1. Amide H neighbours of VAL776 under 5 Å, at least 5 residues apart or on other chains, H built in the peptide plane: list them.
2. Considering only C-alpha atoms, what is the centroid distance from region 354-412 to region 794-827, in Å?
3. Okay, helix-only estimate at 222 nm for the chain: each DSSP H run of n ≥ 4 adds -39500 (n - 2.57), divide by all residues, round to 500 deg cm²/dmol; what do you get?
4. Once R0 is set to 35 Å, what does the formula 1/(1 + (r/R0)^6) return for the Cβ-Cβ distance between ASP801 and GLU613, expressed as a FRET efficiency to the nearest 0.05?
5. List the GluC sites (Glu not before Pro) within region 399-499 that fall in a DSSP loop (any state other than H, G, I, E or B) and whose Cβ has at most 12 other Cβ atoms within 10 Å.
6. Which trypsin sites (Lys or Arg not before Pro) in region 542-588 sit in a loop by DSSP (not H, G, I, E or B) and have at most 12 other Cβ atoms within 10 Å of their own Cβ?
7. Can you tell which of ALA399, PRO303, PRO354 lies farthest toward the positive end of the dipole of region 226-414, using +1 and -1 charges on the Cβ of basic and acidic side chains (Lys, Arg; Asp, Glu)?
8. Taking region 1-88 as the region of interest, what is the percent of Cα-Cα pairs per 10 angstrom bin, listed from the shortest bin to the one with the maximum distance?
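Since every read-out is calculated from the coordinates, none of them should be taken as a lab result. All of these numbers come straight from a predicted model, not from anything done at the bench. Counting neighbours? That spans all protein chains shown, and the Cβs are built from the backbone with ideal geometry, glycine included.
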Amino acid sequence: MEEQYTPHKIEADAQQYWQEKNTFQAVEDVNREKFYCLSMMPYPSGSLHMGHVRNYTIGDVIARYQYMLGKNVLQPMSWDAFGLPAENAAIKHNIPPAKWTRQNIDHIRSQMMQMGFAYDWSREITTCDPEYYHWEQWFFLRLYKKGLAYKKNAEVNWDPVDQTVLANEQVVNGRGWRSGALVERREIPQWFLKITDYAEELLNDLDKLEHWPHQVKTMQRNWIGRSEGVEITFKVHDHHPITVFTTRPDTLFGVTYLAVAPQHPLAKQLAEDNPALHQFIEECRNIKLAEADIATMEKRGMPLGIHAQHPITGQAIPIWVANFVVMEYGSGALMAVPAHDQRDFEFAQKYHLPIKQVIVPETGIHWDFTRGAYTEMGELMDSAEFTGMSSKQAFDAIAAHLESLHAGQRKINYRLRDWGVSRQRYWGAPIPIINCPKCGPVPVPDRDLPVILPEEVQFTGVSSPLKSMPSFYETTCPVCQGPAERETDTFDTFMESSWYYARLACKKQHKAMLDGRANYWLPVDQYVGGIEHAVLHLLYARFFHKLMRDEGLLNSDEPFARLLSQGMVLNKGVKMSKSKGNVVDPQTLIERYGADTVRLFIIFAAPPEQSLEWSDSGVEGAHRFLKRLWAFAYENKTIVQKQNRLPKSNLLGTSNWENADPNQIDIFRQIYEILEQAKFDYERQQFNTVVSGCMKILNLLMKVSESHRIDAVDIREIVLHKGLSILLRLLAPITPHIAHQLWQDLQYEGAILDAEWPKSSPIVFKVDTIELVVQVNGKLRSRVRIPTNADQQAIETTIKDDSKVQQAIGGKPIKKIITVPGKLVNVVTGE
């Protein structure tokens, strides 16, 4: 054993050992409990940044901990390789996206290996490989045949300079995020997947996800947006009737106008003979679809000059076109009740339209409309035979009346819209459709899959090279054998990230999308990734999982059993980013301190779900701890090695514990108390407190190495031996290299990864006191020692008398005290 801590040599040796032993290659074994741990795959844009390092370190700690519990662990890695940044790089650097992407993958892979992540590299997937997207194309065609994939014209944000569709988030102040060009609203053919067919199941199954953050489930519920209401039909003379959906049929008698979207067929039809209306619709072409923008923008409109008929009263109601009505939501029309909807109220005030109150507050007082619309429930007024009913009663009564008139029906509506999967870009998986002038869209035959994306391309502008490559798009129709063209749109990259977790379970499967191994490994037991993916990626992956289940490829309902959304890495209070100039390069830190130091700091600095504030001194502190650990192990190596050469039956020695040094016994007990707390913290994924526990163990062991009483039995060697073995095993998931090397140097049996997870000691059962963690309103504030037989009243008295607890409470009344026996106490205060 070397005297000095040399992290680079230690880490290289450990990584070579794991590689030679194929330590992390997972094999299906029905006789062992499986654990599938997966971190969200990265986009290979250049190098690992600190957000990546934190994400993958957290996932690796979880995987290694489960490995040490004896489970059959799978932790793979893959690459989300398609996407617009590669095209931008190709244009900027004159390098094909494929070459740029694969160079980046090679670089990031080497960085990940330096970090010692316990990945099964034999399962590595790159989504731009035809071997992968072959089966995505195959599956899309199955969905197309079932009617779950379809093509229709849809309005999009179109950048006329970049010649591409932009997501709402890529439109900044009405202009393309990259080109700066004024964005147009353009109607083009788009491919969609019918996620709306699964809206109810996607919503209801959120209740099954007990180990997902509440925040993420709430975000998904809001995105799906289930609402119960009534679809009402308003007749229009000489035109098709207008249908609207409302969740407030109780306000029907307060309708004073209808509003339709600028793209509504009725508005377009009337605009043909109305130049002013045509001009207004053109001006609305640049409207963004994001609800936040619609809510804050100036409300503008024009009367169409025609009226609808109220379905109950027969009253004539003017129809307007309004810029805040979006064709993609519902029917593209709404009934406006200015008295009871703030948006309708603002529009009515601007254009001097009637405001008719039909709901009275429960107080029975007429509403003061200088305060805005009254939007709460109440009691109906001026509503014919429904007057006097509560809003809840009127909902059912008016819905039933409309149904009897064949003028409406109850309906459940969703905010969720079908998933548009077409992108007018090059660097993506080709959509396997042939467009025939005679036969229309025709699926590519299975025998001709995959449709391979040509990788050796040159960008002569910003539009997709595929559109100028006859060798790609010119083909023959599989039905009529006539000339036809391949689809030049490519898939949204969310397609690739929606099923990769299942493909990773089916190693080297070349003949099918998935096989039975997917059912062995799935669902993923632990998924780790940022909160920014809380909605779209996770929702699409859940949808895709159900599609694969219904195609007979899987036998589970959900892809991810447990989700951990880690916090951001901050520097000087803001998120690290190149634009802010506050990036810390992990490679520099690895080269200076070693990977274990970086891992230790990241885990110790904050709980996984909270933001981590970068600290140079914190990194140096982590490095000092590892050097202290190494120096202590070196100093006591002879003692520990000697203990390891004894027969196992003698490892606790033959000492008379009753006559042993009480200080040493107390230290031994404290080490085991910390062990029990660390087990608890590992399970609840509060790894930062595991590290603090390890630091305490090292401090205790330093004390025991100095203690020795002549009048007592010396159990120092036993405590050092057992204590170091516990400490190294607790650290092994977090700082795996140094733990691996010290375990070998101190001559503990086998490799530390294969060592049995430490168990409680019978000596600990003799303990007279235990340490309790004390939280105030869920935050750690103190630790207290109490007698093992203390009752609840004694515990509460000790807690209340603790000075740190008193300081944290700050004189507030205590509402309740929650005790987890033998582990922690949480004091909940009032205002």
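1. Close amide H contacts, sequence-distant or interchain: ARG781, VAL827.
2. The two parts, judged by their Cα centres, are 51 Å apart.
3. About -11000 deg cm²/dmol.
4. It comes to 0.60.
5. Passing both the DSSP loop test and the Cβ count: GLU456.
6. Sparse-neighbourhood loop trypsin sites (Lys or Arg not before Pro): LYS572.
7. Toward the positive end, the furthest listed residue is PRO303.
8. Pairs per bin, as whole percents: 14, 33, 34, 17, 3, 0.
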